[in-house]
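The values are calculated or read from the model by the stated rules, or taken from the named source; none is laboratory data. Everything numeric in this text was worked out from a predicted model, so none of it was measured. FYI the Cβ positions are ideal-geometry reconstructions off the backbone, even for glycines, and counts take in every protein chain you see.
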């Protein structure tokens, strides 16, 4: 299921309807941990048809819920939300200071020659083509992604990869995968039409999220099993 999101204007994009539910993984008086389904926006868009989102759904039951970070429309997996202003401040500081650790699982086209490494390719927003990011070694922001091949899937001419993003740029894993010649299966933005059609969703899942609990200070190592 490929969606043409190319536009020079963010207001023109309309997300497809998402019928899948948000799975609540954990809650206390300070935070929520959820599993976001693929195909659901993290935050409501400017365009009225894009009202449905993680935040829009959750504030109905948790009016104080605050978004700390986002996952791409097509990406599924674990997210943390704050339930108080104090928790929001603590968690935002952790993301800013890069003390939050994240691991993703992805299915990449083809078989990677090197089983592990670090992709170091600077990126910047493509102002002329929403919502694309582009590689730029002059003005791009430093961007690094560590990867490790978990298994080769010769029957699908694909590789299952663990990604540990060192930085957190928009579309970072999608762009980095594409730049090393192994786009994420189902990617509707950067992959070729053939690779994009190899899956009915973006094969990228936020597997784990590690952070300090905003109240107790305890290190939380949360995991959300990969559905593919």
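Could you list, in sequence order, all residues of the range 116-134 that are in a strand (DSSP E or B) and farther than 15 Å from residue 183 by Cα?
Within the range 116-134, 116, 117, 118, 120, 123, 124, 125, 130 qualify.
Output the residue which, of all residues in the range 136-158 that are more than 23 Å from residue 206 (Cα to Cα) and not in a helix (DSSP H, G or I), is nearest to the chain's Cα centre (by Cα).
Applying the filter and picking the extreme gives 140.
What are the residues in the range 118-133 that are touching a residue at least 24 places away in the same chain (Cβ under 8 Å) and within 21 Å of the chain's Cα centre (by Cα), if any?
Listed by number, the residues that qualify are 118, 119, 120, 121, 123, 125, 129, 130, 131, 132, 133.
For residue 108, are the conditions met, namely being within 21 Å of residue 185 (Cβ to Cβ), at pLDDT 95 or above and in a loop (DSSP other than H, G, I, E, B)?
Against the criterion (within 21 Å of residue 185 (Cβ to Cβ), at pLDDT 95 or above and in a loop (DSSP other than H, G, I, E, B)), residue 108 does not qualify.
I'm checking my understanding of the structure. Among residues of the range 36-54 that are crowded, with 20+ Cβ neighbours inside 10 Å and in contact with a strand residue (DSSP E or B) (Cβ under 8 Å, 6 or more places away or on another chain), which one is farthest from residue 83 (Cα to Cα)?
Checking each candidate, the answer is 38.
Can you work out which of the residues in the range 79-101 that are surrounded by 13 or more Cβ atoms within 10 Å (Cβ to Cβ) and in a loop (DSSP other than H, G, I, E, B) is farthest from the chain's Cα centre (by Cα)?
Result: 84.
Listed residues 172, 133; which is crowded, with 19+ Cβ neighbours inside 10 Å and touching a helix residue (DSSP H, G or I) at 6+ places or on another chain (Cβ under 6 Å)?
133
Within the range 102-121, count every residue that is surrounded by fewer than 17 Cβ atoms within 10 Å (Cβ to Cβ) and touching a strand residue (DSSP E or B) at 6+ places or on another chain (Cβ under 9 Å).
8
Identify all residues within the range 1-28 that are within 18 Å of the chain's Cα centre (by Cα), modelled with pLDDT of 95 or more and in a loop (DSSP other than H, G, I, E, B); write none if there are none.
18, 20, 21, 22, listed by residue number.
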